[in-house]
1. What pairs in Lys55/Lys88; Lys30/Lys92; Lys30/Lys67; Lys67/Lys88 have C-alpha atoms more than 21 Å from each other?
2. Test of understanding: express the Cα radius of gyration of region 9-110 as a ratio to 2.2 N^0.38 Å, with N the residue count.
3. Could you tell me the center-to-center distance, by alpha carbons, between region 86-107 and region 1-71 in angstrom?
4. Dipole of region 9-110, Cα-centred, from +1 at each Lys and Arg C-beta and -1 at each Asp and Glu C-beta, to the nearest 20 debye?
5. Obtain the nm distance between the two label points defined at His74 and Ser106 by a simple spin-label model: each point lies 7 Å from its Cα along the Cα-to-C-beta direction.
6. How large is ³J(HN,Hα) for each residue in region 76-91, as worked out from phi by the Karplus curve 6.51 cos²θ - 1.76 cosθ + 1.60 (θ = phi - 60°), to whole Hz, x for Gly and Pro?
7. Could you list the residues of region 86-108 with an amide nitrogen less than 20 Å from a label point located 7 Å from the Cα of Ala59 in the Cα-to-C-beta direction?
8. What does the net charge come to around Asp13 if you take all other residues with beta carbon closer than 12 Å to its beta carbon, with K and R at +1 and D and E at -1?
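Please treat every number below as a calculation from the coordinates, not as lab data. Values in this document were obtained by computation on a predicted structure and should not be read as measured data. Glycine gets a Cβ as well: all are built from the backbone with ideal geometry, and neighbour counts include every protein chain shown.
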Amino acid sequence: MDASPNPFEARYDDAMFDFTTEQFDSAITKLEAILAEDPNQFDARLSLGMAWYRKGEFARAITEGHKAEKLRPHEQLVHTNLSLFYMKSGDKKTAEHHGLQARIASWRGNMDKPAEAAGAAGADDLKMAEAPPAPAAPVKIPTQFPDMPWKKKVAEPHAPSGAHNAATSTPSTHSSTPSPTQP
């Protein structure tokens with residue numbers, strides 16, 4: 001039989017099952033039982049705050065979130081949750097503060113020196129920028145462009161005899177309405 005390194009792990013998993021099936025009262029009861037035995041169980045504390053949030057009890061969620069913050073003040077998820085809790089409770093200013101703290105915490109996790117990161121990623125991935133290769137051949141710009149079939153063609157000046165082209169015609173004397181120059 002495998003001995004679990006964390007004696008609370010199975011009970012925490014049961015509480016999380018209740019949480020995921022939206023049985024928040026049962027999850028809260030199980031998480032509080034774990035925290036009664038060991039108030040420093042960070043995951044249980046963080047999950048308890050989220051369970052209170054999901055029940056709509058934002059003040060209790062905030063209280064539990066701050067208890068988790070005391071356990072791990074630079075944890076990104078703590079500040080993300082607190083930002084969410086404060087936003088839902090209507091305190092936008094404090095929510096933005098914890099949102100910023102969450103972003104700063106995410107930056108702390110990526111504080112490796114570039115040389116260390118290069119060793120992990122591989123030297124070829126982080127080469128200095130090289131000049132782009134020369135083009136294969138210069139591009140020749142055409143001097144004459146083909147007709148554009150989508151454009152309307154202008155009427156030709158030579159109309160067949162007897163045809164009347166409104167775009168190029170002058171007033172006719174055969175018109176039924178007198179022209180201004182006709183008597």
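1. Checking Cα-Cα distances, Lys30/Lys92 exceed 21 Å.
2. This ratio for region 9-110 stands at 1.05.
3. Computed from Cα coordinates, the inter-centre distance equals 22 Å.
4. 580
5. Between His74 and Ser106, the simple spin-label model gives 1.8 nm.
6. 4, 5, 4, 6, 4, 4, 4, 4, 4, 4, 5, 4, 5, 7, x, 9
7. The answer is 86-95, whose backbone nitrogens lie closer than 20 Å to the label point.
8. Details: positive: Arg11, Lys30; negative: Glu9, Asp14, Asp18, Asp43.
Charge balance near Asp13 sits at -2.
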